[in-house]
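Structure first, then comments.
The values are calculated or read from the model by the stated rules, or taken from the named source; none is laboratory data. As the structure is a computational prediction, the values presented were derived from the model and not from experiment. Quick reminder, even Gly has a Cβ in these numbers, built from the backbone with ideal geometry, and neighbours come from all protein chains shown. Remember, those area values only see protein heavy atoms, side chains included, never the ligands or the DNA or RNA. Shrake-Rupley method; radii C 1.70, N 1.55, O 1.52, S 1.80 Å.
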Amino acid sequence: MEAVFVDTTRFLHNVAAMNQNASPIITYRWIVFALAAAYAFHQIVTSSYEGAGGPFRYLTNWALFLSLYSAGIMLAYSLQFTRRRRYVTASVAAVLNLLVVVQYWRLYAIDPGLVTIGEPNHWLLEYYLHLLGPVLQWIDAFFILGAFRRHRRSLTALTGIFVSFIVWAEMLVAPLNLYPVGTATSGLPYPFLNNMEFNERMVFYGMNLLFALAAYVAFAVITSGLRRLFRH
């Protein structure tokens, strides 16, 4: 186990020491971007548009498309199409992905029906959206880009996106959709939300926002330590 840890640390040190224009970094970023683009396209063409919002009813897809944009910007930087590293975009995408992963698997472990409507998605889609895709983004944000540097702007953007999703779900998606139906309301994107009264949902949203902000702080501390360790 110790040897594995040492080898992993050495590998990550070598990755962090690479110039972001290096061929291995460009290859990695092409892979991350291509996967995000493929799954984003899949979500657009296969999602149901019977209800308002289409695929954008779900926070998972908000995180996916933000990840696609972040991956595209990081690839463009490596290809020298832009000089802007977009630390804020990468930071917010990383935290939003963490929120999606934690909440999805927590609720899925209780009851898959809390987060799934009808037949479950193919396992390749589920594991990309809720595990592999976020992990690929985190690797870049932590070890290659070195994100979490523009704290005020990142926290403001993260809060803005999260609040925007709440307003979108509560004031636009829910009133214009009949399903799913819960014990308290109907039309909200995820089945479990429809089993919660309005006040309960506000508490739930507030707790998740606090979790996201705390996660950002933790990520910032971790990346600061990694930059010192790897002199990144």
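Here is a yes/no grid of residues against (1) touching a Leu at 6+ places or on another chain (Cβ under 8 Å); (2) farther than 28 Å from Ile25 by Cβ; (3) modelled with pLDDT under 95:
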residue: Val115; (1), (2), (3): yes, yes, yes
residue: Val135; (1), (2), (3): no, no, no
residue: Thr156; (1), (2), (3): no, yes, no
residue: Val163; (1), (2), (3): yes, yes, no
residue: Ala169; (1), (2), (3): yes, yes, no
residue: Met196; (1), (2), (3): no, yes, no
residue: Asn199; (1), (2), (3): no, yes, no
residue: Ala214; (1), (2), (3): no, yes, no
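Just the residues that are in a helix (DSSP H, G or I) and of a type outside the set (Gly, Ala, Ser), please, taken from region 102-123.
The first filter runs over region 102-123 and keeps only residues in a helix (DSSP H, G or I), leaving 102-110, 112-114, 123.
Scanning region 102-123 gives Val102, Gln103, Tyr104, Trp105, Arg106, Leu107, Tyr108, Ile110, Pro112, Leu114, Trp123.
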Only one of Leu176, Leu155, Leu145, Leu129 is within 19 Å of Arg57 (Cα to Cα) and surrounded by 14 or more Cβ atoms within 10 Å (Cβ to Cβ). Can you tell me which? Leu129
Of the residues that sit in region 32-49 and are within 15 Å of Pro134 (Cα to Cα) and touching a residue at least 12 places away in the same chain (Cβ under 8 Å), which one is surrounded by the fewest Cβ atoms within 10 Å (Cβ to Cβ)? Ala37
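Take Ala52 and tell me if it is open to solvent by 10 Å² or more (accessible area, probe 1.4 Å), among the hydrophobic types (A, V, I, L, M, F, W, C) and either in contact (Cβ under 8 Å) with a residue 40 or more places away in the chain or under 21 Å from Tyr205 (Cβ atoms) (or both).
Values: open to solvent by 10 Å² or more (accessible area, probe 1.4 Å): yes; among the hydrophobic types (A, V, I, L, M, F, W, C): yes; either in contact (Cβ under 8 Å) with a residue 40 or more places away in the chain or under 21 Å from Tyr205 (Cβ atoms) (or both): yes.
Yes: the conditions hold for Ala52.
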Pairs, first among the acidic types (Asp, Glu) in region 192-217, second open to solvent by less than 70 Å² (accessible area, probe 1.4 Å), C-beta under 7 Å, six or more apart: Glu197/Ala184
Consider Phe204 against the criteria (1) under 27 Å from Ser48 (Cα atoms); (2) within 19 Å of the chain's Cα centre (by Cα); (3) surrounded by 17 or more Cβ atoms within 10 Å (Cβ to Cβ): it satisfies all of them except one. Which criterion is unmet? (3)
Would it be correct to say that Ile139 is surrounded by fewer than 19 Cβ atoms within 10 Å (Cβ to Cβ) and either in contact with a helix residue (DSSP H, G or I) (Cβ under 8 Å, 6 or more places away or on another chain) or under 16 Å from Ser67 (Cα atoms) (or both)? yes
Could you please tell me which pairs satisfy a Cβ distance under 6 Å, a separation of 6+ or placement on different chains, a first residue in region 145-170 that is free of Cβ contacts under 8 Å to residues at least 40 places away in the same chain, and a second residue that is open to solvent by less than 50 Å² (accessible area, probe 1.4 Å)? Ile166/Tyr205
Filtered residues of region 46-99 (kept if within 22 Å of Leu125 (Cβ to Cβ) and either touching a strand residue (DSSP E or B) at 6+ places or on another chain (Cβ under 9 Å) or of a type in the set (Lys, Arg) (or both)): Arg57
Taking the condition of being closer than 18 Å to Ser154 by Cβ, surrounded by 19 or more Cβ atoms within 10 Å (Cβ to Cβ), of a type outside the set (Gly, Ala, Ser) and under 15 Å from the mean Cα position of the chain (by Cα), how many residues in region 60-81 meet it? 2
If you go through Ser164, Ser91, the only one that is buried (at least 19 other Cβ atoms within 10 Å of the Cβ), small (Gly, Ala, Ser) and within 20 Å of Leu213 (Cα to Cα) is Ser91
